[in-house]
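Okay, so here's the structure we're looking at.
The values are calculated or read from the model by the stated rules, or taken from the named source; none is laboratory data. Source: prediction; values computed, not measured. Backbone-built Cβ (ideal geometry, glycine too); neighbour counts: all protein chains shown. Remember, those area values only see protein heavy atoms, side chains included, never the ligands or the DNA or RNA. Shrake-Rupley method; radii C 1.70, N 1.55, O 1.52, S 1.80 Å.
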Amino acid sequence: MKFKALGMIVALFWSTHALAIPVTVEAGGTGNYYDYTNNAYHYDAQIVQTWTFDTIDLPADSISDSNIGYHQSLTDWVDATVSVSTHGVTANEEAMTNDNAAYDYDYVYMEDGRYARDRYQVYSHARNNDAYVYSYAYFIEYVEDLVQGMNVAQNIHWIDNDGSDHGYGYARWYTLSGGQYATNAYVSYRADYFKVTVGTATVPEPGTFVLMLIGAAALLGFRRLRAQTQR
């Protein structure tokens, strides 16, 4: 009986700590970079964008049809970055905007619209009085069957290697200082690749698990002692 009760406590603890599954979306390609602040324009920039989130933070599905989409205003559950490595430019959404002023979106479309195509898209938009960041990327496939079901947490690795499927990425950001632009730039590119990587679900560390067992054993011992004193 003691072992059964201990097992129930362990199972309950484990189930409440194994919910978060990290997902990383990455897209990249060669495209345009415009830096209006420094009058720098490059048409051969190597651009990489990333979006990361945990499935435990997903809001409710906001798409009413058979497709799926997660969106919730004023909730920052996606961390977005964009880098222009060729010219040493980097930008990070979290460094420039207020976390409470975000509009993040991730959705998967099967048979998108009237066309026999699948689409996976991620989008992040954050702003406050002094900063603005807007970024998104997607790929659409007509031939390859890479999108499996409606789950956003699925491993995908798409490469632009034919003329039917295609991907695209975009990001715009600026910051203000004294009413003037401190930074003001954007990137746009046709994606060479788009990949979704699903990590391992979060579980308790070994030390935490040992402490949990000690606490559970102590609780059972206390219950046994109390039962004996009440006889």
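Can you tell me which residue within the stretch 144-159, out of those that are in a loop (DSSP other than H, G, I, E, B) and of a type in the set (A, V, I, L, M, F, W, C), is farthest from the chain's Cα centre (by Cα)? Steps first, answer last, please.
Initially, the stretch 144-159 is screened for residues in a loop (DSSP other than H, G, I, E, B), giving 144-155.
Adding the requirement that they be of a type in the set (A, V, I, L, M, F, W, C) leaves 146-147, 150, 152-153.
Numbers: Leu146: 19, Val147: 17, Met150: 16, Val152: 9, Ala153: 9 Å.
Looking at residues that are in a loop (DSSP other than H, G, I, E, B) and of a type in the set (A, V, I, L, M, F, W, C), I get Leu146.
Summed over the stretch 79-98, the residues that are assigned to a strand (DSSP E or B), surrounded by fewer than 17 Cβ atoms within 10 Å (Cβ to Cβ) and either basic (Lys, Arg) or at pLDDT 80 or above (or both) give a count of 0. Among the residues making up the stretch 16-45, those that are within 24 Å of the chain's Cα centre (by Cα), open to solvent by less than 60 Å² (accessible area, probe 1.4 Å) and at pLDDT below 90 are Ala18, Ala20. For the stretch 158-191, the tally of residues that are closer than 20 Å to Val48 by Cβ, of a type in the set (Val, Ile, Thr) and open to solvent by 20 Å² or more (accessible area, probe 1.4 Å) stands at 2.
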